1. In the range 57-87, what residues are under 13 Å from Asp231 (Cα atoms) and buried (at least 19 other Cβ atoms within 10 Å of the Cβ)?
2. Of everything in the range 226-245, what is farther than 21 Å from Gly34 by Cβ and either in contact with a Cys (Cβ under 7 Å, 6 or more places away or on another chain) or exposed (fewer than 15 other Cβ atoms within 10 Å of the Cβ) (or both)? Give them in sequence order.
3. Mind listing whichever residues of the range 145-173 are within 21 Å of Ala87 (Cβ to Cβ), in a loop (DSSP other than H, G, I, E, B) and not aromatic (Phe, Trp, Tyr)?
4. I'm trying to understand the selection: among the residues of the range 38-54, which are touching a helix residue (DSSP H, G or I) at 6+ places or on another chain (Cβ under 7 Å) and under 20 Å from Leu235 (Cα atoms)?
5. So Leu88 fits all but one of (1) in contact with a strand residue (DSSP E or B) (Cβ under 7 Å, 6 or more places away or on another chain); (2) within 25 Å of Asn243 (Cα to Cα); what number is the exception?
6. Out of the residues in the range 178-221 that are small (Gly, Ala, Ser) and crowded, with 17+ Cβ neighbours inside 10 Å, which is farthest from the chain's Cα centre (by Cα)?
7. In the range 174-197, what residues are part of a loop (DSSP other than H, G, I, E, B) and of a type outside the set (Phe, Trp, Tyr)?
8. Scan the range 6-43 for residues that are surrounded by fewer than 24 Cβ atoms within 10 Å (Cβ to Cβ) and under 14 Å from the mean Cα position of the chain (by Cα) and jot them down.
Amino acid sequence: MRLYYDLHLHSCLSPCGDDLMTPMNMAGMGLLKGLSVMALTDHNTVKNCPAFFKACEGYGIVPIAGMELSTAEDVHMVCLFPTLDDALRFEEVYDSHRMPIDNDPEVFGNQILMGDNDTELGRMQPLLIAASDLWMGDAVALVREYGGVIYPAHIDRTSSGIVAILGDIPPEYGFTAMEYRDGEKREEYEALYPEARGKTVVVSSDAHDLGSINEAEHYFDLPLPENASSDEIRLAILSHIANLQ
């Protein structure tokens with residue numbers, strides 16, 4: 001089965017996300033762009049994932065619950081979970097690792113909590129783009145404890161990526177995937193950083209507005225039947241990213 005994906009997306013809950021990035025708008029744009037699978041990865045929270053799941057299911061898109069986690073080093077990591085419940089249980093623990101700073105919407109942007117059918121439920125108070133107090137090794141262990149996969153976000157960016165922050169990709173964390181904003185940079189980064197070689201390549205948009213969501217260009221070909229369920233597709237994608245297939 002060929003699955004066109006975008007596995008790094010920000011809703012209106014991320015302060016840097018456009019207010020029009022509501023769950024239903026995102027799912028509708030994904031349908032228009034021909035995507036099969038979309039992951040919501042707001043900054044340091046999964047609280048808009050329940051509404052995102054409902055929206056995607058209404059449009060026939062397979063949703064994945066995720067988070068763009070900021071480590072204590074301020075390296076951004078993509079975290080994807082096999083089920084919505086796993087993601088929500090992870091958030092209960094992660095809440096205590098956020099920096100105790102309140103958001104200033106006029107400076108950083110709104111943090112809008114959404115319910116079903118794009119109903120606004122309120123605003124999230126803690127500033128979500130601040131780094132957590134989890135060092136990278138602790139973050140990796142915690143995500144894996146809850147069944148998730150974790151890998152460096154946008155390693156080809158000049159800010160917030162693991163290469164930009166650390167100058168290299170440490171091997172001790174056992175990353176099985178690397179995310180690129182620009183897939184054409186893969187060969188360049190694999191030549192420069194040995195730890196990037198032989199990993200599952202994920203090319204995602206890191207979209208903060210509707211127009212930036214990926215077109216149906218990047219895909220995984222996975223051995224799934226045409227009638228595979230959403231749960232089966234999610235597990236197959238996470239297994240592929242974890243190099244278990």
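1. Selection gives Ile61, Val62, Pro63, Ile64, Ala65, Phe81, Pro82.
2. Result: Asp231, Ser239, Asn243, Leu244, Gln245.
3. Step one: list which residues in the range 145-173 are within 21 Å of Ala87 (Cβ to Cβ), which gives 145-154, 173.
If we keep only those that are in a loop (DSSP other than H, G, I, E, B) too, we end up with 146-148, 153-154.
Within the range 145-173, Gly147, Gly148, Ala153, His154 qualify.
4. Selection gives Met38, Leu40, Val46, Cys49, Pro50, Phe52, Phe53, Lys54.
5. Status for Leu88: all satisfied but (1).
6. Step one: filter the range 178-221 for residues small (Gly, Ala, Ser), giving 183, 191, 196, 198, 204-205, 207, 211-212, 216.
Now narrow it down to the ones that are crowded, with 17+ Cβ neighbours inside 10 Å: 196, 204-205, 207.
Working: Ala196: 19, Ser204: 9, Ser205: 10, Ala207: 10 Å.
The selected residue is Ala196.
7. Taking the range 174-197 and keeping what is part of a loop (DSSP other than H, G, I, E, B), we get 174-176, 181-182, 193, 197.
Passing the criteria: Gly174, Thr176, Arg181, Asp182, Arg197.
8. Selection gives Val37, His43.
The values are calculated or read from the model by the stated rules, or taken from the named source; none is laboratory data. Note that the structure is predicted; figures quoted are calculated from it, not measured. Counting neighbours? That spans all protein chains shown, and the Cβs are built from the backbone with ideal geometry, glycine included.
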